[in-house]
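As structure tokens, the structure follows; a few thoughts come after it.
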Amino acid sequence: MTDFEALRTAIIKGKRNDVTAIVQAALEEKEDINRLLDEGMIPAMREIGDKFSRNEAYVPELLIAARAMQTGLALLEPLIAASGRKSIGKIAIGTVKGDLHDIGKNLVAIMLKGAGYDVIDLGVNCDTAKYDSAVKQGADIVACSSLLTTTMPYMREVVEHFKGTHVKVIIGGAPVTQAFADEIGADGYSEDANGAVKLVDSLYHRAS
Amino acid sequence: MKLELHRRKAESLADLLAAEGCALDLRCGGNGSCGRCRVQLLSGTYRIDGKERSVSPPGISAKACRTVLESERGCVDVPDRSLRTLPGRILTEWTGNPPPSLPDPVIGIDIGTTTVAAVKLVNGTIVARASAFNGQSRFGDNVISRIVHAGSSKEALEEERRAVRETIDELLAELDASDCVRIGVAGNTVMSLLFHGVDPSPVGTMPFLPPLRCFPIRTARECGLISAPPDLPVLTIPAIAGFVGGDLVGGILRTDPQPGEMLVDIGTNCEMVFRTREGIFCTAAAAGPAFEGSGIPCGSRAVEGAVDHYFPDGTFSVLGGGEAAGLCGSAMIDFLAVMRRKGRLNEFGRLQPKAEQFAFTETLSIREEEISQLLKAKAAVAAGIQTLADSCGTPVRRLLLAGGFARYLDPANARAIGMLPEVECRIVGNTSLAGAAELAAKPELLPELERLSALPHELPLNALPEFENNFIDGLMLP
């Protein structure tokens, strides 16, 4: 029997090795992947995210938990496709052209995965062609990150590029503000990783 | 200090106060990011970040740079900590061999992003020192904001060039450059480029290459310096890479790292140069300005009145004596180490027993969220050092700590919180300034410096997968 409570605690506390042990044991016992995700990992990530939003957890704890989540997801990912799990939305995420800082972007990617979304991580230095390639694979939200004020202007090009299509462009990163998002006409902005999940939820009209 | 104000057209409260002779701390350039210019709004109607607010009840705290007085009159209270402070303690010392003995006076200048320091040398001895805030600070408090401003127009580039030259001119006047035979200059890459009037924009985006690494010898006149004889030669230490500049080359010259020794300049941008048997490797990690007090209300730079050390019994020492006005980076590191040792902080930096903040004095306290900022800064330093050493496959034997931050640092506490590895630390002082002075006294060093600056191999930290892992490990308190 999988101890879902222990799995949730291991993720929230960022205990990577515990997560690996519990998930591996569960897979050996042929535990239902959907249950592992829906009763263990996804609620855990939602919980730490909500704690963060309530100022009860801070970025270090969020990063540590996200890494534990990623460890568990890496074990499940090869099996998810075969499980016939229905996608609730597909998001492409990448650090924009000219920038290679990706710790914040990676955190948002894991938080989105942790909320049950399909995420295509395009890595760093992404131009519009790269984002396009993910849209061809079915992404309908493009999330752009930047750490350097010098690379922020590229977000405007991404927004312009997808204008008039069904693709929604959302932006974030340390120097990015709501005012900048409004100025360039982005479809959304979030100042932190958990806010990015809420933003995506709202774009998909999901209550969170 | 309470001030009655009259409205003027579309000026920020910070501008209004400056016109009243009350200049505030606008180290971020007045873009609302550092929060150092907070004032209490006592009466009147204001627009804060574009939103109208009338003051009732009185006492709302607001960033003066983001606030505009809307009513005809208003009254605000300006706390002392929001006033622009003078640069009290800029490091002008260094260790190691004395600079070459030359009977003619020379001047060495270290152009930092925040501060500029200069010394005058006669016969290898410092005869005068001077320092000031970099006048470019009004265009932003970090190199990236300076790049953005300089890249926005030709005029903006010229503004920044002029700002740093004016600062240097003040120092030259103070040191009396009239009898000098040469000036040596060192700085990070962006500062050196701006001093030479070169647009640093390429440094701001991948692959972060500087448009120029080696700088021509110029005369004071060509550099636009008016407080020095017009024909005085000005020599600049060459840079290594976009984020590893001539300041580090000066450091290599001065400290001559041996295999296993790593030269580290801890600052907003933490630069590292590592010598191994295979060669010299360098990198830079963005630690952010938390240790300089940005985003930490109880934080302070190392100026008069700053707490430099926090002791296990809860007492502390203050630079220059007097009342504690804030904690500088070294005291924050002491605080983390002391509190962790006592079990008052858990491994995630959360206060035990549960509390939202910890009070040092009645007026100085730190919130948990701010502690998390410190953890991020120390994690960046730790991850930078570890990733550089690991990717070179060489253990660090000794750290050579350069720069102002290391001056008050207690290395044992920095090791205890996992910021520095468990190796010997040698504090080497302002080796950038020392290098600049040495070059001024011994101009034939320039070709040697150009050779040195071409040696290090640059490692892009963010492209190494282990960096993120090391960073996340580094967030915790051992």
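Before we move on, is B:R129 in contact with a Ser or Thr (Cβ under 7 Å, 6 or more places away or on another chain), farther than 22 Å from A:D99 by Cα and among the basic types (K, R)? So that I can check it myself, show each step before the final result.
Working: in contact with a Ser or Thr (Cβ under 7 Å, 6 or more places away or on another chain): yes; farther than 22 Å from A:D99 by Cα: yes; among the basic types (K, R): yes.
It is true that B:R129 is in contact with a Ser or Thr (Cβ under 7 Å, 6 or more places away or on another chain), farther than 22 Å from A:D99 by Cα and among the basic types (K, R).
Restricting to region B:208-226, and then to whatever is touching a residue at least 40 places away in the same chain (Cβ under 8 Å) and surrounded by fewer than 18 Cβ atoms within 10 Å (Cβ to Cβ), can you tell me which residue is nearest to B:G250 (Cα to Cα)?
B:C214
Condition first: over 16 Å from the mean Cα position of the chain (by Cα) and either among the small types (G, A, S) or modelled with pLDDT under 95 (or both). Can you find one or more residues in region A:107-126 that meet it? Talk me through it step by step, then tell me what you get.
Let us first name the residues in region A:107-126 that are over 16 Å from the mean Cα position of the chain (by Cα), namely A:125-126.
Filter once more, so that each one left must be either among the small types (G, A, S) or modelled with pLDDT under 95 (or both): none.
Within region A:107-126, not a single residue is over 16 Å from the mean Cα position of the chain (by Cα) and either among the small types (G, A, S) or modelled with pLDDT under 95 (or both).
When residues of region B:341-394 are filtered for being small (G, A, S) and within 20 Å of B:R415 (Cα to Cα), how many remain? Spell out the reasoning first.
Let us first name the residues in region B:341-394 that are small (G, A, S), namely B:343, B:349, B:355, B:359, B:365, B:372, B:377, B:379-380, B:382-384, B:389, B:391, B:393.
Filter again for within 20 Å of B:R415 (Cα to Cα), leaving B:343, B:349, B:372, B:377, B:379-380, B:382-384, B:389.
Here the count works out to 10.
Quick one: in region B:444-463, of everything that is more than 11 Å from every other protein chain (Cβ to nearest Cβ) and in contact with a helix residue (DSSP H, G or I) (Cβ under 7 Å, 6 or more places away or on another chain), which residue is surrounded by the most Cβ atoms within 10 Å (Cβ to Cβ)? Please lay out each step first, then the result.
Within region B:444-463, the first condition is being more than 11 Å from every other protein chain (Cβ to nearest Cβ), and the residues that meet it are B:444-459.
Still in the running and in contact with a helix residue (DSSP H, G or I) (Cβ under 7 Å, 6 or more places away or on another chain): B:445-446, B:449, B:452-453, B:459.
On the way: B:L445: 19, B:L446: 18, B:L449: 24, B:L452: 20, B:S453: 22, B:L459: 20.
So, considering only residues that are more than 11 Å from every other protein chain (Cβ to nearest Cβ) and in contact with a helix residue (DSSP H, G or I) (Cβ under 7 Å, 6 or more places away or on another chain), the one surrounded by the most Cβ atoms within 10 Å (Cβ to Cβ) is B:L449.
Which members of region A:24-47 meet the condition of being surrounded by fewer than 24 Cβ atoms within 10 Å (Cβ to Cβ) and under 26 Å from A:I103 (Cβ atoms)?
A:L37, A:I42, A:P43, A:R46, A:E47, listed by residue number.
Give me a count of the residues in region A:179-201 that are at pLDDT 95 or above and of a type in the set (S, T, N, Q).
Residues meeting the conditions: 1.
May I ask you to list the residues in region A:48-58 that are in contact with a helix residue (DSSP H, G or I) (Cβ under 6 Å, 6 or more places away or on another chain) and either buried (at least 17 other Cβ atoms within 10 Å of the Cβ) or within 10 Å of another protein chain (Cβ to nearest Cβ) (or both)? Write out each step before concluding.
Initial filter on region A:48-58 (in contact with a helix residue (DSSP H, G or I) (Cβ under 6 Å, 6 or more places away or on another chain)): A:48-49, A:52-53, A:57-58.
Listed by number, the residues that qualify are A:I48, A:G49, A:F52, A:A57, A:Y58.
Here are the criteria: (1) buried (at least 22 other Cβ atoms within 10 Å of the Cβ); (2) within 14 Å of chain A (Cβ to nearest Cβ); (3) free of Cβ contacts under 8 Å to residues at least 60 places away in the same chain. Tell me which single one B:G151 does not satisfy.
(1)
Quick check, is B:G250 at negative phi, within 14 Å of chain A (Cβ to nearest Cβ) and at pLDDT 90 or above?
Numbers: at negative phi: yes; within 14 Å of chain A (Cβ to nearest Cβ): no; at pLDDT 90 or above: yes.
It is false that B:G250 is at negative phi, within 14 Å of chain A (Cβ to nearest Cβ) and at pLDDT 90 or above.
B:T205 versus (1) within 14 Å of chain A (Cβ to nearest Cβ); (2) surrounded by fewer than 17 Cβ atoms within 10 Å (Cβ to Cβ): which is the lone unmet condition?
Of (1) within 14 Å of chain A (Cβ to nearest Cβ); (2) surrounded by fewer than 17 Cβ atoms within 10 Å (Cβ to Cβ), only one is false for B:T205: (2).
Out of all the residues in region A:30-42, is one or more in a helix (DSSP H, G or I), over 19 Å from A:L147 (Cβ atoms), within 14 Å of another protein chain (Cβ to nearest Cβ) and without any contact (Cβ under 8 Å) to a residue 40 or more places away in the chain? Write out each step before concluding.
The initial filter retains those residues of region A:30-42 that are in a helix (DSSP H, G or I), namely A:33-42.
Pick out the ones that are also over 19 Å from A:L147 (Cβ atoms) and you get A:33-42.
Adding the requirement that they be within 14 Å of another protein chain (Cβ to nearest Cβ) leaves none.
Checked region A:30-42: no residue is in a helix (DSSP H, G or I), over 19 Å from A:L147 (Cβ atoms), within 14 Å of another protein chain (Cβ to nearest Cβ) and without any contact (Cβ under 8 Å) to a residue 40 or more places away in the chain.
Could you check region A:83-110 and list, in sequence order, the residues that are within 30 Å of A:D32 (Cβ to Cβ) and either among the small types (G, A, S) or away from every other protein chain (no Cβ under 14 Å) (or both)? I'd like the intermediate steps shown before the answer.
Quick first cut of region A:83-110, residues within 30 Å of A:D32 (Cβ to Cβ) only: A:83-93, A:106-110.
Of everything in region A:83-110, those that are within 30 Å of A:D32 (Cβ to Cβ) and either among the small types (G, A, S) or away from every other protein chain (no Cβ under 14 Å) (or both) turn out to be A:S83, A:G84, A:R85, A:K86, A:S87, A:I88, A:G89, A:K90, A:I91, A:A92, A:I93, A:A109.
Select from region A:116-155 the residues that are outside any loop (DSSP other than H, G, I, E, B), within 12 Å of chain B (Cβ to nearest Cβ) and crowded, with 23+ Cβ neighbours inside 10 Å and list them in ascending order. Step through it out loud before you land on a result.
Taking region A:116-155 first, the residues outside any loop (DSSP other than H, G, I, E, B) are A:118-121, A:126, A:128-136, A:141-145, A:153-155.
Add one more test, that the residue is within 12 Å of chain B (Cβ to nearest Cβ), and what stays is A:126, A:153-154.
Of everything in region A:116-155, just one residue is outside any loop (DSSP other than H, G, I, E, B), within 12 Å of chain B (Cβ to nearest Cβ) and crowded, with 23+ Cβ neighbours inside 10 Å, namely A:C126.
Working only within region B:59-94, note down all residues that are among the β-branched types (V, I, T) and at pLDDT below 80. Give the steps one after another, and end with the answer.
Looking only at region B:59-94, we keep the residues that are among the β-branched types (V, I, T), and these are B:60, B:67-68, B:76, B:78, B:85, B:90, B:92.
If the condition is that a residue be among the β-branched types (V, I, T) and at pLDDT below 80, then B:T85, B:I90, B:T92 are the ones that fit.
Take the conditions over 12 Å from A:S146 (Cβ atoms), surrounded by fewer than 22 Cβ atoms within 10 Å (Cβ to Cβ) and more than 14 Å from chain B (Cβ to nearest Cβ) and apply them to A:K113. Does it pass? Outline the logic, then answer.
On the way: over 12 Å from A:S146 (Cβ atoms): yes; surrounded by fewer than 22 Cβ atoms within 10 Å (Cβ to Cβ): no; more than 14 Å from chain B (Cβ to nearest Cβ): yes.
Considered against the rule, which asks whether it is over 12 Å from A:S146 (Cβ atoms), surrounded by fewer than 22 Cβ atoms within 10 Å (Cβ to Cβ) and more than 14 Å from chain B (Cβ to nearest Cβ), A:K113 comes out as no.
Kindly provide the set of residues from region B:346-366 that are in contact (Cβ under 8 Å) with a residue 24 or more places away in the chain and within 12 Å of chain A (Cβ to nearest Cβ), ordered by number.
We begin by selecting, within region B:346-366, every residue in contact (Cβ under 8 Å) with a residue 24 or more places away in the chain; these are B:346-349, B:360-361, B:364-366.
Passing the criteria: B:N346, B:E347, B:F348, B:G349.
Take B:R146 and tell me if it is basic (K, R), in contact (Cβ under 8 Å) with a residue 24 or more places away in the chain, within 14 Å of another protein chain (Cβ to nearest Cβ) and within 22 Å of B:V244 (Cα to Cα). Even if it seems obvious, please write down each step before you answer.
Numbers: basic (K, R): yes; in contact (Cβ under 8 Å) with a residue 24 or more places away in the chain: yes; within 14 Å of another protein chain (Cβ to nearest Cβ): yes; within 22 Å of B:V244 (Cα to Cα): yes.
Here the answer is yes, as B:R146 does meet what is asked.
Name every residue in region A:68-96 that is more than 14 Å from A:L7 (Cα to Cα) and crowded, with 23+ Cβ neighbours inside 10 Å, in order of residue number.
Within region A:68-96, A:I91, A:A92, A:I93, A:G94, A:T95, A:V96 meet the criteria.
For region B:371-402, enumerate the residues that are within 14 Å of chain A (Cβ to nearest Cβ) and over 30 Å from B:Q352 (Cβ atoms). Don't jump to the end; show me each part of the working.
Within region B:371-402, the subset within 14 Å of chain A (Cβ to nearest Cβ) is B:371-380, B:382-384, B:387.
Answer for region B:371-402, where residues must be within 14 Å of chain A (Cβ to nearest Cβ) and over 30 Å from B:Q352 (Cβ atoms): just B:T387.
Looking at region B:38-62, which of its residues are part of a strand (DSSP E or B), in contact with a strand residue (DSSP E or B) (Cβ under 6 Å, 6 or more places away or on another chain) and either closer than 14 Å to B:S82 by Cβ or free of Cβ contacts under 8 Å to residues at least 24 places away in the same chain (or both)? Break it down into steps so the answer makes sense when it comes.
Keep residues of region B:38-62 that are part of a strand (DSSP E or B), which gives B:38-43, B:45-48, B:51-54, B:60-62.
Checking the rest, the ones that are also in contact with a strand residue (DSSP E or B) (Cβ under 6 Å, 6 or more places away or on another chain) come to B:38-43, B:45-48, B:53-54, B:60-62.
Passing the criteria: B:R38, B:V39, B:Q40, B:L41, B:R47, B:I48, B:R53, B:S54, B:I60, B:S61, B:A62.
Can you tell me which residue within region B:258-275, out of those that are over 16 Å from B:L420 (Cβ atoms) and surrounded by 20 or more Cβ atoms within 10 Å (Cβ to Cβ), is nearest to the chain's Cα centre (by Cα)?
Among those residues, the one meeting the criterion is B:T268.
Scan region B:182-200 and give yes if some residue there is surrounded by fewer than 22 Cβ atoms within 10 Å (Cβ to Cβ) and within 14 Å of chain A (Cβ to nearest Cβ), otherwise no.
Checked region B:182-200: at least one residue is surrounded by fewer than 22 Cβ atoms within 10 Å (Cβ to Cβ) and within 14 Å of chain A (Cβ to nearest Cβ).
Can you tell me which residue in region B:12-37 is modelled with the lowest pLDDT, limited to those that are more than 23 Å from B:R146 (Cα to Cα) and in a loop (DSSP other than H, G, I, E, B)? Steps first, please.
Residues of region B:12-37 that are more than 23 Å from B:R146 (Cα to Cα), as a first pass: B:13, B:16-17, B:19-22.
When the remaining residues are screened for being in a loop (DSSP other than H, G, I, E, B), the result is B:20-22.
Details: B:E20: 73, B:G21: 65, B:C22: 72.
Looking at residues that are more than 23 Å from B:R146 (Cα to Cα) and in a loop (DSSP other than H, G, I, E, B), I get B:G21.
Scan region B:452-477 and report the pairs whose first residue is among the hydroxyl-bearing types (S, T, Y) and whose second residue is in a loop (DSSP other than H, G, I, E, B), with Cβ atoms within less than 6 Å and a gap of 6+ or a chain change.
Correct list of pairs: B:S453/B:P238; B:S453/B:I240.
Examine region A:63-82 for a residue that is touching a Phe, Trp or Tyr at 6+ places or on another chain (Cβ under 8 Å), more than 13 Å from chain B (Cβ to nearest Cβ) and of a type outside the set (S, T, Y), and state whether such a residue exists.
So far as region A:63-82 goes, no, none of its residues is touching a Phe, Trp or Tyr at 6+ places or on another chain (Cβ under 8 Å), more than 13 Å from chain B (Cβ to nearest Cβ) and of a type outside the set (S, T, Y).
The values are calculated or read from the model by the stated rules, or taken from the named source; none is laboratory data. Predicted model only: the values in this text are computed from it and were never measured. When we count neighbours, we look across all protein chains shown, and the Cβ atoms used for this are built from the backbone with ideal geometry, even at glycine.
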